[in-house]
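What follows is a single structure, written as structure tokens, with notes after it.
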Amino acid sequence: MAILNTIHAPKSFTTGGVTGMIEAARARFAQYRVYRKTLSELGELSNRELADLGLNRSMLKRIALEAAYGEVK
């Protein structure tokens, strides 16, 4: 019969755990807000204004993703 003895110390709230999850959720939500704001502002531009910037409507989601999350692959 094999016996496995491993001791795992629970993560404290200051080294990760729930606090880390909350901070990660806040960071993701902040990125999402940047995405939504960028998409909204670009969506308000006319086709002519977008063309002046060298953009078209099909590019807006990708641009908003890059603004919020960095380079999109």
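Considering only residues in the range 56-73 that are of a type in the set (Lys, Arg) and assigned to a helix (DSSP H, G or I), the one that is surrounded by the most Cβ atoms within 10 Å (Cβ to Cβ) turns out to be Lys61. When Met1 is tested against the conditions (1) among the hydrophobic types (A, V, I, L, M, F, W, C); (2) exposed (fewer than 11 other Cβ atoms within 10 Å of the Cβ); (3) modelled with pLDDT of 95 or more, the lone failure is (3). Which condition from (1) on the phi > 0 side of the Ramachandran plot; (2) modelled with pLDDT of 95 or more is the one that Gly17 breaks? Condition (2) is where Gly17 drops out. For the range 32-55, a residue qualifies if it is aliphatic (A, V, I, L, M) and in a helix (DSSP H, G or I), and the qualifying residues are Val34, Leu39, Leu42, Leu50, Ala51.
The values are calculated or read from the model by the stated rules, or taken from the named source; none is laboratory data. As the structure is a prediction and not an experimental result, all values here were calculated from the model. For neighbour counting, all protein chains shown are included, and Cβ atoms are generated from backbone atoms with ideal geometry for every residue, glycine included.
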